[in-house]
Structures are given as structure tokens and as C-alpha cells.
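Presented below is the structure to which this report refers.
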Amino acid sequence: MRQSDIVAEVSNDKQTLTALVEQDNRVVYFYIFAREDLRDRFPKMRACWVRNLVPAPVNDDTDAMEQGIAPMLAAQYCRNLEGEAPLDPAQIQILWNESDDGAALWYQGLLLAVIPGWSLYIDHSVCYSAGCIKQNPLTFPLGSASTNTQCELAEKTRLFWRDWQNEFSNPWPKIQRKLLESYEERFGPSLKYYLINQGNWPPMAISQHEDEENYYFFTVGMSIRPMPQIDIVFSDEAEKHRRIELAFSVGKEYVTEENAVQMASALSGYAQVPWTTLSWLGEGHTLMSPMAPLGFEGHVISSALCGPADKMRLPKIYGDPVNQFWVSPVFTSELEFAQAKPNGGFELVAAMIENDIGFVFAPRSAVI
């Protein structure tokens, strides 16, 4: 048996995960593994059998597993019993999903395998292979778009990336316009616009607005991609939680415009957090930031701090509702309280509301 060769290797957008295709003279596998500094959270490589290159063994390939090498798939699970041709590296395409935590393997325009993003957050590996016809310890059947959601989602992802790479069908102008229209309808025209994506995909910006009393800042474009983990955390209700935009407001009587912009710059870092950490943001979550106002340690994000009269209805993005969360500065004692127990962030927000603290930042005392 010859040594395995890596025939394709692609990192995701934020370089947190790497997907690769490896083959020897017996078998082909598709893998996803985490960056070294994330392996305390994601220690297990996700492995997906793709195809046997020689006739399938009658029984499970336990000899290979005992030797610590990639096992072939047993004949009863294989679509092709005689084995298939090795993969040509030039014909391989690996596409990461929109949430940046799962990937699909395409070959000569055909879908061969899928490792879904949500499999990263459970104890055992889950993957799907077109060469598999029956569930087994190595993989699940991929089937077709009409029989398997993973197959359907992989095709949607392919079309998603095709649109973003085509200057004529690029979705950004429409998404940008709809979000800005929502902000302007409630808070007046966008007076300044700051790009925060450093020239990288996805396009993101902060739009600045104001009225007689306050400065307002809104992220534009964070909702383009769904957040990681949401499918596992919220299951059937994932579509209600996977896309967000952030907002910050501060009273004019307390700060200059320059200071307001500096405070709002925390949004720029937070807008990347779900994908740089493979996590998600939701009601009551807290974050530390050096951009918090003097005396404050970080922020809590909440939609509940905004009363019904001030809530905005943001446009749907890719058919999903978009949640808007206001970023509110918190003291060290409040941050520690929120992070010390389950649902601590909810209790912190409730205490803030009880003390008449809303979404517009103003000097205040700690509620914890």
C-alpha cells in the first residue's frame, strides 16, 4: 500500500477550519479539521468516506482501522462494488457552506460528499457520501435533493457562491439597499458610511444616522451569512435565529460625534465574532471590548432593551428573518454576573430594563 496523498486542501473564509481530500491506492476520504488553537473545542477530525478504488471488502475493514489507516467501505454499503477511479486533483472543487463550518466535495460537476456544519458541534462524526447506499459507521447515503436535505443545501450553496462571483447577479447592491432603507425609514438618512470588511468577503459596513438627541450606528451586511451552531442550538427554529445585524446608540448630550464613532467601532469587531470563533450571538450574550466606554468592560447584546415603538422590521435575507440586537455597555460586575451562570445575560438585561436602561447609551450606575 502506498502512502496517502492529499489531492485537495482548502481552508474556510476565516481560516478556522481546513477541508482536504486524501487518497491512497485503496480509498478516498474527505476530512475537516480545526485550526490548532481551536482544537480544545473541536478535537475530532470529521472524516467522510468518498469511494473505494479497489473491490469492496465483504466485511467491515477492521484490519485498516486497527492499523490506524483509512478503512474501505464494506460491499453491502457501496454503490459500486468493483471500485472507482482515483480522483483527478484538477477536477476537485471544495465549497464551504455559508456559515463557514461545513463543506461539500464536488467532482467533475457532481456532488460526491457533504460534511454538514452542525456535525462539528456533536460528539460523533456525521457525513454523507454519494457512493454510499445504506447507513453504516463511516457515512450516510447522500441520495438526491428530493430525498436528502443535505444534498439540497449543497446545491443551494453552489448557487449562492455562483451569484456572488458573478458581477451581474451579485446580491450585495440589493441587500445593501434594503437594509439602508429600513434604517433610514426609522432613523433618517445615512449621514456616513464606514466599510468594515477590509476588502474581504462578505461586504460589511456601518451606517451612521442621527436625530436631535442621539447618534445611531447600524451594521450593514452581517446578515449575509448565517451564524455557525444555530442549526444545532435551535433545530427546527434555526431560520428565526441564524441572521443578525447589530446596532449602537449614544446620547448627544454626553459625547461628541468623534467619541460616538469610537464607541461604535466595537460593532466592527463584533460583526466578525460568530465566524472567527465558530459560535453565535443572541439575546443576552456578553462580549468584552477595549472599545467600551471608559469605566465599562464590554457589552451585552439585546433586542429587549428596545421598546416596541423603536423596533425596526428588517428585510428578510435569503428568506430568513433578520434579528437586530442593540449593543449596550456593561460594567465588570455585570459582565461577570452574566457569564457566571446559565441565562445570566437574560437576568442582566431584565435588571437593566427594571432600572429604566434602554438601548440608547447614557452614563449610569451598575445594576449588579
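I'd like to know which of GLN150, ASN59, SER182 lies farthest towards the positive end of the charge dipole of the chain, counting +1 on Cβ of Lys and Arg and -1 on Cβ of Asp and Glu.
Sorting the options by dipole projection puts first ASN59.
First select every other residue whose beta carbon is under 9 angstrom from the beta carbon of TYR31; then total the charges, Lys and Arg +1, Asp and Glu -1.
Value of the local net charge: 0.
Does the range 168-214 come out rounded, prolate or oblate, given a ≥ b ≥ c as the square roots of the eigenvalues of its C-alpha gyration tensor, rounded meaning a/c under 1.5 and, failing that, prolate meaning a/b above b/c?
oblate
Which trypsin sites (Lys or Arg not before Pro) in the range 295-347 sit in a loop by DSSP (not H, G, I, E or B) and have at most 11 other Cβ atoms within 10 Å of their own Cβ?
Answer by residue number: ARG313.
Sorted by average packing, counted as other Cβ atoms within 10 angstrom per residue and highest first, what order do 97-103, 295-301 take?
Ranking, from highest mean packing down: 97-103, 295-301.
So if I place +1 on the C-beta of Lys and Arg and -1 on the C-beta of Asp and Glu, and nothing else carries charge, what would the dipole magnitude of the range 177-248 be about its Cα centre? I want it in debye, nearest 20.
So the dipole magnitude of the range 177-248 works out to roughly 380 debye.
Which whole-number value in Å² is the accessible area per residue of the chain, probe 1.4 Å?
48 Å²
Given the options ASN136, ASN323, ASN166, which has the most mean-square fluctuation in a GNM of the chain, springs set between C-alpha atoms less than 10 angstrom apart?
ASN166
Which shape class applies to the chain: rounded if a/c is under 1.5, otherwise prolate when a/b exceeds b/c and oblate if not, where a ≥ b ≥ c are the square roots of the Cα gyration tensor eigenvalues?
Prolate shape, in that a/c is at least 1.5 and a/b is the bigger ratio.
Please give the net charge around LEU20, taking every other residue with its beta carbon less than 12 angstrom from that of LEU20, where Lys and Arg add +1 and Asp and Glu add -1.
Cβ neighbours under 12 Å give a net charge of -2.
At a 1.4 Å probe radius, carbon and sulfur cover how many percent of the accessible area of the chain?
50 percent
Only bridges whose two residues both fall in the range 240-368 count here: according to DSSP, what percent of them are antiparallel, nearest 5?
60 percent
Treat every Asp and Glu Cβ in the chain as -1 and every Lys and Arg Cβ as +1, leave all other atoms uncharged, and give the resulting dipole magnitude about the Cα centre to the nearest 20 debye.
660 debye
Do the alpha carbons of any pairs in LYS252/LYS341; LYS14/LYS252; LYS178/LYS240; LYS156/LYS178; LYS14/LYS311 sit beyond 27 Å of each other, and which pairs?
LYS252/LYS341; LYS14/LYS252; LYS14/LYS311
Taking the chain as a Gaussian network, where each spring joins two C-alpha atoms under 10 Å apart, which residue of GLU36, GLU184, GLU336 fluctuates the most?
GLU36
Which of the listed residues, TRP275, PHE359, PRO315, is farthest toward the dipole's positive end in the range 222-368, when Lys, Arg count +1 and Asp, Glu count -1 at the beta-carbon?
Positive-most Cα among the choices belongs to PRO315.
So what's the net charge close to GLY345: Lys and Arg +1, Asp and Glu -1, counting the other residues with Cβ under 13 Å from its Cβ?
Taking every other residue near GLY345 into account, the sum is -3.
Do you know the relative contact order of the range 181-282, to the nearest whole percent, from alpha carbon pairs under 8 angstrom that are 6+ apart?
Relative contact order, the range 181-282: 23 percent.
If I model the range 271-368 as equal point scatterers sitting on the Cα atoms and use the Debye formula, what is log10 I(q)/I(0) at q = 0.10 Å⁻¹?
Normalising to I(0) and taking log10 leaves -0.27.
Over the range 1-125, what relative contact order in percent results from Cα pairs under 8 Å that are six or more residues apart?
RCO, the range 1-125: 20 percent.
Once the dipole of the range 100-177 is set up with Lys and Arg at +1 and Asp and Glu at -1 on Cβ about the Cα centre, which of TRP106, ASN166, SER119 lies farthest towards its positive end?
ASN166
Can you order the peptides 67-78, 168-179, 104-115 by their average number of other Cβ atoms within 10 Å per residue, highest first?
The densest-packed peptide leads the list: 104-115, 67-78, 168-179.
The values are calculated or read from the model by the stated rules, or taken from the named source; none is laboratory data. All values derive from a computational prediction rather than experimental measurement. Reconstructed Cβ throughout: ideal geometry from the backbone, glycine too, with neighbour counts over all protein chains shown. All accessible areas refer to the heavy atoms of the entire protein, side chains included, with ligands and DNA or RNA removed. Shrake-Rupley method; radii C 1.70, N 1.55, O 1.52, S 1.80 Å.
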